[in-house]
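**Q** Can you read through this structure? Questions will come right after.
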Number of protein chains: 2
Amino acid sequence: MTINTDVQTALEWRYAVKQFDASKTIDASDWNTLENALHLSPSSFGIQPWQFIVVQDKTLRTQLRAASWNQSQVEDASHFVVLTAKKTMDVQYIDAYLNRIVEVRGVDPSSLDGYRNMILGKASQPSQAIESWTQRQVYIAMGMLLATAAMLKIDTCPLEGLSSADYDRLLNLTDTDYTTVAAVALGYRDIADKYSLAKKVRFDKESIIHYR
Amino acid sequence: MTINTDVQTALEWRYAVKQFDASKTIDASDWNTLENALHLSPSSFGIQPWQFIVVQDKTLRTQLRAASWNQSQVEDASHFVVLTAKKTMDVQYIDAYLNRIVEVRGVDPSSLDGYRNMILGKASQPSQAIESWTQRQVYIAMGMLLATAAMLKIDTCPLEGLSSADYDRLLNLTDTDYTTVAAVALGYRDIADKYSLAKKVRFDKESIIHYR
């Protein structure tokens with residue numbers, strides 16, 4: 001079971017990097033796979049209520065760092081992805097998605113009527129519930145990205161400690177239907193990062209995973 | 001870049017299984033790795049605001065299926081995990097977590113004072129915001145689990161279409177601080193599942209991933 005051992009090792013190897021080696025860059029082939037982890041991520045109804053912004057501009061990274069409790073990962077990581085969630089779920093968007101299904105799978109549009117009604121039912125919830133729902137979906141993509149990176153021996157740091165309003169302003173999202181929910185820095189750990197040696201802190205497995 | 005190719009293939013291979021082969025079982029070694037994907041999943045502050053319930057009792061699976069729009073995956077999958085989120089974030093829980101850090105890393109408790117204040121600051125948000133926040137963390141674990149399973153060539157189906165209240169009642173969670181947010185069925189696709197051959201529907205990568 002080599003693959004199992006490799007996967008297990010990758011899960012243990014992953015940690016939230018505090019200090020990236022700013023001299024190291026993720027190569028194009030690996031980056032393409034990481035993009036696909038986001039692009040192919042599952043979501044409720046497959047509706048993909050998200051956009052991902054890869055920020056490589058140095059000036060913008062400096063500004064985003066200031067909006068992230070000055071965490072150095074924002075500037076030092078090879079790649080920096082801002083994860084945004086769709087704020088609303090309107091019928092136009094739902095129909096664009098259904099049209100995409102028709103386009104990709106060549107199915108009859110009317111065969112999707114039942115599915116359309118299910119999604120419209122979900123979309124009829126109060127706006128606060130919709131926003132929580134789309135944000136949760138984005139976190140599936142975050143988890144997919146973090147796990148995929150670990151398999152590729154690429155380091156990550158998920159960042160939730162950021163000013164969503166400042167990010168939205170800096171990324172020109174304020175007047176759009178997308179809002180920043182989190183970010184992920186990706187690259188390679190600095191050998192000086194003492195946290196790479198720190199033991200993982202988890203509650204006992206038996207207190208977290210139960211059997212029925 | 002063999003590992004890259006393997007990872008890429010796994011991401012494309014994954015889909016939300018509609019029909020599991022009820023005769024196939026995930027072996028203990030693979031299951032242990034999947035448990036670790038949950039147990040080792042990152043979360044905000046590392047606070048692990050979740051519990052995972054693996055339901056193997058057949059009668060209970062039948063009852064949960066009825067609370068999940070009668071989706072067959074609930075009964076037919078090899079393993080079925082209910083993902084629950086902590087409803088509140090109280091000082092007792094935060095201190096239990098900090099004590100765990102002290103226990104695992106052997107650090108001086110006072111060295112965590114600043115960290116404690118940061119977590120307490122987060123925990124002082126309105127209860128609705130806390131609940132959305134803990135639920136989002138659970139979705140990181142979901143993403144980690146789905147990606148890890150794909151790497152092991154184990155099929156999955158995430159389920160959000162379920163009655164959280166019914167699940168909580170059936171799992172005796174109603175009077176606890178945890179509530180059901182989603183579930184994941186894991187096992188092996190049935191060869192008759194026509195969705196295994198369906199093309200993945202995604203918006204154009206260029207409309208989802210942007211560069212700045």
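**Q** For residues that are more than 24 Å from A:Val201 (Cα to Cα) and among the polar types (S, T, N, Q), tally how many sit in the range B:1-56.
**A** So the count comes out to 9.
**Q** Hey, could you check the range A:168-205 for residues that are in contact with a helix residue (DSSP H, G or I) (Cβ under 8 Å, 6 or more places away or on another chain) and among the basic types (Lys, Arg) and say which is farthest from A:Val82 (Cα to Cα)?
**A** Within the range A:168-205, the match that is farthest from A:Val82 (Cα to Cα) is A:Lys205.
**Q** Quick one: A:Ser41 ticks every box in (1) within 8 Å of another protein chain (Cβ to nearest Cβ); (2) assigned to a helix (DSSP H, G or I) bar one, so which box is it?
**A** Against the list (1) within 8 Å of another protein chain (Cβ to nearest Cβ); (2) assigned to a helix (DSSP H, G or I), A:Ser41 comes up short only on (2).
**Q** Tell me, yes or no, whether the range B:14-28 has at least one residue that is surrounded by 21 or more Cβ atoms within 10 Å (Cβ to Cβ), within 22 Å of A:Ala141 (Cβ to Cβ) and basic (Lys, Arg).
**A** yes
**Q** For the list (1) in a helix (DSSP H, G or I); (2) within 29 Å of A:Thr180 (Cα to Cα); (3) more than 18 Å from the chain's Cα centre (by Cα), I need the number of the one condition that B:Ser110 fails.
**A** All conditions are met except number (2).
**Q** Have a look at A:Ser164, A:Ser132 and point out the one that is surrounded by fewer than 24 Cβ atoms within 10 Å (Cβ to Cβ), touching a strand residue (DSSP E or B) at 6+ places or on another chain (Cβ under 7 Å) and free of Cβ contacts under 8 Å to residues at least 40 places away in the same chain.
**A** A:Ser164
**Q** Part of a loop (DSSP other than H, G, I, E, B), within 16 Å of the chain's Cα centre (by Cα) and of a type in the set (A, V, I, L, M): does that describe B:Leu146?
**A** no
**Q** Test A:Val102 against the criterion of being in a helix (DSSP H, G or I) and β-branched (Val, Ile, Thr), and give yes or no.
**A** yes
**Q** For the range B:116-139, check the following and say yes or no: at least one residue is part of a helix (DSSP H, G or I), closer than 18 Å to A:Ile208 by Cβ, of a type in the set (Gly, Ala, Ser) and within 10 Å of another protein chain (Cβ to nearest Cβ).
**A** No, every residue in the range B:116-139 fails to be part of a helix (DSSP H, G or I), closer than 18 Å to A:Ile208 by Cβ, of a type in the set (Gly, Ala, Ser) and within 10 Å of another protein chain (Cβ to nearest Cβ).
**Q** Would you check if A:Ser44 is over 22 Å from B:Val7 (Cα atoms), in contact with a Gly (Cβ under 7 Å, 6 or more places away or on another chain) and crowded, with 17+ Cβ neighbours inside 10 Å?
**A** Spelling it out, it is not the case that A:Ser44 is over 22 Å from B:Val7 (Cα atoms), in contact with a Gly (Cβ under 7 Å, 6 or more places away or on another chain) and crowded, with 17+ Cβ neighbours inside 10 Å.
**Q** While we're on this one: Name the single residue, out of those in the range A:1-38 being among the small types (Gly, Ala, Ser) and in contact (Cβ under 8 Å) with a residue 12 or more places away in the chain, that is farthest from the other protein chains (Cβ to nearest Cβ).
**A** Among them, the one singled out is A:Ala22.
**Q** Okay, moving on. Buried (at least 24 other Cβ atoms within 10 Å of the Cβ) and either of a type outside the set (Val, Ile, Thr) or at pLDDT below 95 (or both): which single residue out of A:Asp113, A:Asp155 fits that description?
**A** A:Asp155
**Q** Only residues that are in contact (Cβ under 8 Å) with a residue 24 or more places away in the chain and touching a Lys or Arg at 6+ places or on another chain (Cβ under 9 Å): list them for the range B:103-129, please.
**A** Residue satisfying the conditions is B:Ser127 alone.
**Q** Do we have any residue at all in the range A:89-104 that's within 13 Å of chain B (Cβ to nearest Cβ) and in contact with a strand residue (DSSP E or B) (Cβ under 6 Å, 6 or more places away or on another chain)?
**A** Within the range A:89-104, not a single residue is within 13 Å of chain B (Cβ to nearest Cβ) and in contact with a strand residue (DSSP E or B) (Cβ under 6 Å, 6 or more places away or on another chain).
**Q** Filtering the range A:51-85 down to residues that are closer than 30 Å to A:Ile101 by Cβ and at the interface with chain B (Cβ under 7 Å from one of its Cβ atoms), which residue is surrounded by the fewest Cβ atoms within 10 Å (Cβ to Cβ)? Walk me through it before giving the result.
**A** Filtering the range A:51-85 for residues closer than 30 Å to A:Ile101 by Cβ gives A:51-54, A:81-85.
Keeping just the survivors that are at the interface with chain B (Cβ under 7 Å from one of its Cβ atoms) gives A:51-54.
On the way: A:Gln51: 22, A:Phe52: 24, A:Ile53: 21, A:Val54: 17.
Taking the candidates together, the pick is A:Val54.
**Q** Okay, moving on. Please state which one of A:Tyr188, A:Tyr195 is surrounded by 17 or more Cβ atoms within 10 Å (Cβ to Cβ), of a type in the set (Ser, Thr, Tyr) and either under 22 Å from B:Arg212 (Cβ atoms) or out of contact with any Cys (no Cβ under 8 Å at 6 or more places or on another chain) (or both).
**A** A:Tyr188
**Q** For the range B:150-212, which strands (runs of 3 or more DSSP E) that fit wholly inside it have 1 or more residues that are within 13 Å of chain A (Cβ to nearest Cβ) and over 19 Å from the mean Cα position of the chain (by Cα)?
**A** Per the criteria, B:209-211.
The values are calculated or read from the model by the stated rules, or taken from the named source; none is laboratory data. Since this is a predicted model, take the numbers as computed values, not measurements. No Cβ is skipped: glycine too gets one built from the backbone with ideal geometry, and neighbour counts run over all protein chains shown.
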